[in-house]
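Working notes for the structure below.
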Amino acid sequence: MRNLTQREIEILESQKCKSENWEDVFVSDQFNESDLEQIDHVQFSGRIEIGVFRKTFSLPGGMKKHSGLHHATLHNCTLGDNIFIEHVQRYIANYTIGEDCFIQHLNLLLVDGQAMFGNQVEVSVLNETGGREVPIYDRLSASLAYIIALYRHRPNLIHRLREMIGDYASAHSSNRGSIGSEVKILNVGTIINVKVGDCCTIENTTRLENGSINSNRQAPVTIGDSVIARDFIVSSGSTISDGAKLIRCFVGQSCLVSHSFSAHDSLVFSNCAFENGEACAIFAGPSTVSMHKSSLLIAGMFSFLNAGSGSNQSNHMYKLGPIHQGIVERGSKTTSDSYILWPARVGPFSLVMGRHYHHSDTSDMPFSYLIEHKDETYLIPGVNLRSVGTIRDAQKWPKRDKRKDPIQLDKINYNLLSPYTIGKMMKAVEILKKLQEIVGETSEIYGYQNTRIKGSSLRNGLEVYQKGILKFLGNSLISRLEGAPFANVEEMRQRLVPDSREGLGEWIDLSGLIAPKASIEELISKIESRQINSLAEVEACFEQLHRDYYKLEWTWAADKLQTWCGVNLDSITPEEVIHLVELWKEAVVSLDEKLYQDARKEFSLTSKTGFGVDGGSRLEKEEDFERVRGIFEKNPFVTAVIKHIEDKKALGDELLSRLRPLVKDAANA
């Protein structure tokens with residue numbers, strides 16, 4: 001950089017520019033008179049550094065604007081090359097602005113004092129009165145936030161993690177803000193103490209204060225019309241638009257918050273979509289969706305949730321205030337006008353229908369329906385495992401992962417069946433059998449955790465859970481042997497030996513990351529004992545667990561094959577493996593056939609109501625339906641189910657063809 005020459009100062013003054021001290025204004029070594037021509041009606045104060053103006057911006061409609069500075073007041077600013085700034089109503093102060101930025105019609109852009117840009121903001125999730133605050137920072141993951149919010153019984157752990165986040169926030173605090181390269185700021189009100197990453201677009205936004213917008217070239221961020229945000233962090237690839245309001249919020253990667261949605265004290269992680277409604281003190285794990293005006297999510301933990309219109313919860317009972325919380329585990333749905341009175345807990349992949357006041361806990365009953373009947377909560381165990389909607393959801397979540405950032409903050413396991421859900425199914429089978437023993441197998445109604453279970457529902461639940469368990473264990477067994485050459489029984493047995501002992505015992509879902517509880521306990525102990533001293537090390541542990549999932553899954557599945565199926569893998573015979581594969585084939589085909597029949601309901605005569613609206617004949621109704629919805633046999637999901645049955649049969653048959661010769665060899669021996 002160099003100082004301006006006297007001639008350059010005179011030219012600038014002739015172009016209505018002013019400075020408190022021209023000695024504090026520096027320009028690039030490449031700066032020349034052609035650049036000088038692009039500056040007019042600008043007032044400088046403090047130290048100013050200016051690049052060159054060689055670029056022309058092409059705007060929608062064919063308009064072109066040459067880079068330059070027009071009608072603005074700048075204080076303590078560093079400007080990269082090829083910036084366009086025009087019509088700043090008040091001023092820009094204490095900012096470094098990257099190359100190729102376009103800033104037009106801005107009220108105020110300011111860093112005032114020492115700013116942390118949203119880092120270390122305390123977000124009071126789950127309990128609005130406090131006690132579960134999560135201090136946010138730029139690279140916060142859902143798994144780390146899960147531990148900070150829920151492991152309050154480990155105060156040393158929480159102290160250490162808060163200390164690490166405090167260190168990060170201090171290291172990234174500054175009295176100077178940054179605007180990345182290729183940023184567009186158009187027709188914006190006030191921006192105070194906000195850090196903006198590369199390629200971000202902020203347009204028609206009302207007010208942003210104390211935050212970070214972690215945009216980048218691979219995954220730009222858009223902040224749109226009438227948005228108000230305070231004490232916030234927005235991660236790469238996300239869009240906040242159309243009057244959304246965020247107060248003390250973290251927004252994860254590739255999220256959408258739009259259409260006047262309002263949220264305070266909430267954590268929103270990867271691929272969430274929120275429109276129209278409201279969120280208060282929620283922990284929204286990956287792929288949580290709420291799209292309707294009348295929906296209120298409050299004081300709850302969710303992930304992969306689909307909230308129906310009018311979904312609502314209550315976090316107080318008019319006694320000591322909003323102190324209650326609830327957990328709805330992954331993959332659940334709430335129907336229109338559903339309601340839950342916290343505290344309550346809903347097991348994974350459940351459907352909540354109606355209004356529920358009795359504080360039920362169905363966490364060990366996955367894939368269930370909770371239905372209100374005469375002010376009571378009726379539980380239908382396992383029924384969602386044969387629902388076409390559940391399988392469709394499991395297929396769509398990975399397809400709708402919009403993250404393009406090469407660094408993905410959340411470690412997300414999309415598997416429908418895992419040691420986490422199968423472990424719960426095994427508990428459910430034990431619980432349901434125990435209920436039968438205590439109450440009697442012929443009872444019409446069973447009571448469980450403030451719910452009621454019909455006798456027929458209990459028996460059906462036992463059947464579908466057992467099929468689901470066999471399906472998963474068979475999948476793991478076949479995956480272990482698939483493509484693995486073995487010439488004799490010993491080589492087959494050797495292939496079934498787990499790679500490590502890690503993975504035994506209970507598994508948990510850390511808001512997307514499915515991992516052995518013992519491994520998480522080990523990580524926590526290392527944090528507490530200061531063997532792990534940085535947030536990067538913590539996240540590296542999560543990454544490793546995510547990467548090792550299938551290796552750890554086999555350790556768990558191998559153990560359960562022995563305890564659940566009664567085989568010894570050290571001495572297992574080919575006949576026993578063949579028997580397990582046959583059980584697996586029967587379970588897979590049985591569940592897929594149930595899915596097939598469930599899908600057929602979508603093509604029933606009842607589903608055709610409203611088609612052929614002005615026609616009188618059934619034929620016209622069916623033709624209208626087929627034009628819109630297609631034919632059942634050609635439906636993509638139906639054909640996928642049929643293909644799945646064929647593929648699984650072929651996979652089992654291929655393994656059986658390799659196992660049968662071993663039976664003969666063993667007999668001859």
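What follows draws every value from the coordinates through simple rules; no lab data is involved. None of the values given here were measured: they were computed from a predicted structure. Reconstructed Cβ throughout: ideal geometry from the backbone, glycine too, with neighbour counts over all protein chains shown.
Could you calculate the contour length gain from Ala650 to Lys517, that is, 0.36 nm times the residue separation minus the distance between their Cα atoms, to one decimal place in nm?
Separation in residues times 0.36 nm, less the Cα-Cα distance, equals 44.4 nm.
Based on DSSP H runs of at least 4 residues, each adding -39500 (n - 2.57), what is the mean residue ellipticity at 222 nm of the chain after dividing by all its residues, to the nearest 500 deg cm²/dmol?
For the chain, the value works out to -11000 deg cm²/dmol.
Could I have the simple spin-label model distance between Glu593 and Val497, label points 7 Å from Cα toward Cβ, reported in nm to one decimal?
Placing both labels 7 Å along Cα→Cβ, they lie 4.1 nm apart.
Going highest first, how would you order 389-400, 271-282, 424-435 by mean Cβ packing within 10 Å?
Top to bottom by mean Cβ count within 10 Å: 271-282, 424-435, 389-400.
Tell me the relative contact order for the range 1-110 as a rounded percent, counting alpha carbon contacts under 8 Å between residues six or more apart.
20 percent
With respect to the cross-link table entries Lys18/Lys65; Lys396/Lys648; Lys411/Lys433, which display a Cα-Cα separation exceeding 25 Å?
From the list (Lys18/Lys65; Lys396/Lys648; Lys411/Lys433), the Cα-Cα distance tops 25 Å for Lys411/Lys433.
Would you calculate the volume per residue, in Å³, of the smallest convex hull containing every Cα atom of the range 1-110?
It is 91 Å³ per residue.
Less than 9 Å Cβ to Cβ from Asp242, Lys/Arg counted +1 and Asp/Glu -1: what total charge do the surrounding residues give?
Summing Lys/Arg as +1 and Asp/Glu as -1 gives -2.
Please give the contour-minus-distance gain from Asn450 to Glu163: 0.36 nm per residue of separation, less the Cα-Cα distance, rounded to one decimal in nm.
Stretched out fully, the Asn450 to Glu163 stretch lengthens by 99.3 nm.
Describe numerically, in nm with one decimal, the distance between label points set 7 Å from Cα along Cα→Cβ at Lys319 and at Lys64.
In this crude spin-label approximation the distance works out to 7.3 nm.
How do the peptides 76-88, 371-383 rank, highest first, by the average count of neighbouring beta carbon atoms within 10 Å per residue?
In descending order of packing, they fall as 76-88, 371-383.
Which trypsin sites (Lys or Arg not before Pro) does the range 292-332 hold that lie in a coil by DSSP with at most 15 other beta carbons within 10 Å?
Lys293, Lys319
Pick the calculated Cα Rg over 2.2 N^0.38 Å for this structure from (i) 0.96; (ii) 1.16; (iii) 1.03?
(ii)
Under a plain spin-label model, where a point goes 7 Å from the Cα along Cα-to-Cβ, how far apart in nm are Asp614 and Thr5?
7.9 nm
Report, as a whole number in µm² per second, the diffusion coefficient that Stokes-Einstein gives for the range 38-90 at 10 °C and 1.306 mPa s using the Kirkwood radius over alpha carbon pairs.
136 µm²/s
Please compare each pair in Lys245/Lys293; Lys293/Lys402; Lys454/Lys594; Lys55/Lys184; Lys293/Lys404; Lys517/Lys560 to a cut-off of 26 Å on the Cα-Cα distance and tell me which ones are over it.
From Lys245/Lys293; Lys293/Lys402; Lys454/Lys594; Lys55/Lys184; Lys293/Lys404; Lys517/Lys560, over 26 Å: Lys293/Lys404.
Of all beta bridges DSSP finds with both residues in the chain, what is the antiparallel percent, to the nearest 5?
Counting DSSP beta bridges with both partners in the chain, the antiparallel share is about 15 percent.
Could you please rank Arg248, Arg154, placing first whichever residue has the fewest other Cβ atoms within 10 Å of its Cβ?
Going from sparsest to densest Cβ surroundings: Arg154, Arg248.
Any idea how far the Cα center of the range 315-362 sits from the one of the range 63-105, in Å?
When both Cα centres are located, 50 Å separates them.
Looking at the range 210-340, send over the antiparallel percent of its DSSP beta bridges, to the nearest 5.
Counting only bridges with both partners in the range 210-340, antiparallel ones make up about 0 percent.
Quick check on packing: order 117-124, 37-44 by the mean number of other C-beta atoms within 10 Å, highest mean leading.
Ranked by mean Cβ neighbours within 10 Å, highest first: 117-124, 37-44.
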